[in-house]
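Asks: Quick one: this structure, given as structure tokens, is what I'll be asking you about.
Derivation of every value follows stated rules applied to the coordinates shown; laboratory data play no part. As the structure is a prediction and not an experimental result, all values here were calculated from the model. Neighbour counts run over all protein chains shown; Cβ positions are idealised from the backbone, glycine included.
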Amino acid sequence: MDKPKDGQADHKKNNSEKSSEKPITACLFSAAFFGALGSSFLYGYNLSVVNAPAVYIKAFYNKTWIERYGEPIPGETSTLLWSITVSIFAIGGLLGAFSVSLIIKVLGRKGTLLLNNSFAVIAALLLSFGEMSKSFEMLIIGRIIMGVNSGIALSALPMYLGEISPRHIRGFIGQFNSILICLGVFIGQVLGLPELLGQESRWNYLFSFLAFPAVLQLCVLPFLPESPRFLLMERRDEAGAERAFQRFLGKKDVSQELEEVHAEARAQDNLHTVSVLQLLRNPAVRWQLITIIITMACYQLCGLNAIWYYTNGILQEAGFAENILPYVTLSTGAIETLAAIISGLVIERIGRKPLLIFGFSSMAVFFSLLTVFLNFQESVSWMPYLSYVCILAVIAAFCSGPGGIPFVLTGELFEQSYRPAAFMIAGTVNWLSNFAVGLLFPFIQETLQSFAFLVFVAVCILGSIYLCVVLPETKNKTFMDISQSFAKINKMPVSSPGQEMELVLSISPDMNGKSQDVTKMESSF
């Protein structure tokens, strides 16, 4: 009779968990939307905003050079200055990724996002007034500061979103990062149209717009709670964590959520944030780290950035007049945004792993088709249309999973003490890969011509195989459950609740601060 009772108890527990899964609250939605608006939206906006005014910015460089030196700017110098203006954004992103671990430790998740707005406002001022000040150096400095902003944002925001979300919608909330990146790209394309700000007399206003989302976030985010996990596990503020959970979840009884965080704290052998070096040396998280490095590298090396190189040429081959190309290319930004929204809506039903594998596999298929269509483009009149359809399909496949889930996974695969260092490593891989694609793709394209996309086919296939073999599904799992999923492949013992209690009791008495903190946690149950 005991077994049926246990089964009935488990069934009741599952039912109670399902019944406690409330819909998203206004507080949680506001934190996700405004957090992403002042962070990942700006990253996406900066990816596309320099395309429309490129001709006018180069003309400004030439005019400034003539005023300073009395002669037109040499062609090589003009190319170098423009290349620096575009690529230095990635260098700034790398600097931001390096610094985020330290800033988060001092200011917390929300505090880091708020500080990061200052970089966006400073960058907006430099980029806006560079022409008036007759200083192209201001534009270059503004771009690197905006890169620092994006490097911090792409680590701090996914960390914040992952920690404030209940596990049954953690993926959906995490996808706000991806959705707002895509929306930023699209808004940058729209504002860059000739009828709006894509004119010689208005291009600096494209950069003034950068301050608007940052100021909006500054107006809203201070009134929203800090990450309750950060408050409880790193600041030892149980009352603050309880209030934060209550506001985010919209209920008074958050004992279950507090218990989950306490259990994670008991299971960790280090309650303090670990360094990057400690993370790299720890065998308990080795395969989580390898998985994040490979996934984040594939995120940049899968070829989406390179696809823009061909878009305008294919549209011209299809017979579209050059003056309507900006309007046609709006379809790429619209497809990006739509695919990201759909991915966010289905991620909790389908899961992270299937969406990632589907996305990379689909990209491999459409890159292969694009290679075929590009080779027949000159001989068949309607082939450019198929090529453009393939480009849209590649973009949609990317945004269906690979465009946002790597950031969600970085927050999910690591427990609290490892998370800042993990995001620092993931961010470094992300920006280095971004820089490598920008540097190497022109040479690859020059050597392989239309067969250049086969390189990305190989990356997408290898990434899909790795994810299929190694990555466990993280949907609706606690951070502890996800860590235990890697225990076997890491060759670590799977801990039980009893072992967790032994771990707590085995903390040496001389570690007064830690011992007292853990004792307080134990007494709260």
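Asks: For Arg281 paired with Ala487, estimate the spin-label separation in nm (one decimal), with each label point 7 Å from Cα along the Cα-to-Cβ line.
Replies: 2.5 nm
Asks: Taking amide H positions as placed in the peptide plane 1.01 Å from N, state which residues far from Asn282 in sequence (5 or more) or on other chains have amide H under 5 Å from it.
Replies: Amide H neighbours of Asn282: none.
Asks: Please report the relative contact order for the stretch 227-271, taking Cα pairs under 8 Å with a sequence separation of at least 6, and give it as a percent rounded to a whole number.
Replies: Working: 30 pairs, mean separation 15.7, N = 45.
Once normalised by length, the contact order is 35 percent.
Asks: Take the alpha-carbon centre of the stretch 358-389, take the same for the stretch 311-353, and report the distance between them in whole Å.
Replies: The stretch 358-389 and the stretch 311-353 have Cα centres spaced 15 Å from each other.
Asks: OK, next. When N is the residue count of the stretch 100-257, what does its C-alpha Rg come to as a fraction of 2.2 N^0.38 Å? Before the final figure, lay out each step's value.
Replies: Numbers: Rg = 18.5 Å, N = 158, 2.2 N^0.38 = 15.1 Å.
Cα Rg divided by the expected 2.2 N^0.38 Å: 1.23.
Asks: What whole-number distance in Å separates the alpha-carbon centres of the stretch 47-89 and the stretch 181-212?
Replies: When both Cα centres are located, 18 Å separates them.
Asks: Next question, about the same structure. Sum -39500 (n - 2.57) across every DSSP H segment of at least 4 residues in the chain, then divide by the residue count to get the 222 nm mean residue ellipticity, nearest 500. Walk me through the numbers on the way to the answer.
Replies: Details: 26 runs with 394 residues, N = 525.
Rounded to the nearest 500, the figure is -24500 deg cm²/dmol.
Asks: Let me ask something else. Within the set Lys58/Lys134; Lys251/Lys477; Lys110/Lys488, which residue pairs have Cα atoms separated by over 24 Å?
Replies: Details: Lys58/Lys134 13 Å; Lys251/Lys477 21 Å; Lys110/Lys488 35 Å.
Violating the 24 Å Cα-Cα cut-off are Lys110/Lys488.
Asks: Same structure, new question: Can you compute 3J(HN,Hα) from phi for each residue in the stretch 391-401, using the Karplus curve 6.51 cos²θ - 1.76 cosθ + 1.60 with θ = phi - 60°, rounded to whole Hz and x for Gly and Pro?
Replies: Karplus-based 3J(HN,Hα) across the stretch 391-401 equals 4, 4, 5, 4, 4, 5, 4, 4, 6, 6, x Hz.
Asks: Taking the dipole about the Cα centre of the stretch 117-208, with the C-beta of Lys and Arg at +1 and of Asp and Glu at -1, give me whichever of His168, Ser118, Ala156 is farthest to the positive side.
Replies: His168
Asks: Can you tell me, using C-alpha contacts under 8 Å and at least 6 residues apart, the relative contact order of the chain as a whole percent?
Replies: About 21 percent, as a whole number.
Asks: Among Leu180, Ile342, Ala239, pick out the residue whose Cα is farthest towards the positive end of the charge dipole of the chain, where Lys and Arg carry +1 and Asp and Glu carry -1 on C-beta, about the Cα centre.
Replies: Farthest along the dipole direction, towards plus: Ala239.
Asks: Please identify which residues in the stretch 168-211 have an amide N closer than 18 Å to a label point set 7 Å out from the Cα of Ala321, following the Cα→Cβ vector.
Replies: The answer is 193-196, whose backbone nitrogens lie closer than 18 Å to the label point.
Asks: Compute the Rg/Rh shape ratio of the chain: radius of gyration over Kirkwood radius, all on alpha-carbon atoms. Working shown, then result.
Replies: Working: Rg = 24.6 Å, Rh = 24.5 Å.
On the Cα set of the chain, Rg over Rh gives 1.01.
Asks: Let me ask something else about it. Taking amide hydrogens as modeled 1.01 Å from N in the peptide plane, which residues meet the under 5 Å criterion relative to Val254, leaving out close sequence neighbours?
Replies: Counting only residues 5 or more places away or on other chains, the set is empty.
Asks: Next up: Rg and Dmax of the stretch 166-294, using alpha carbons, in Å: what are they?
Replies: 20.9, 61
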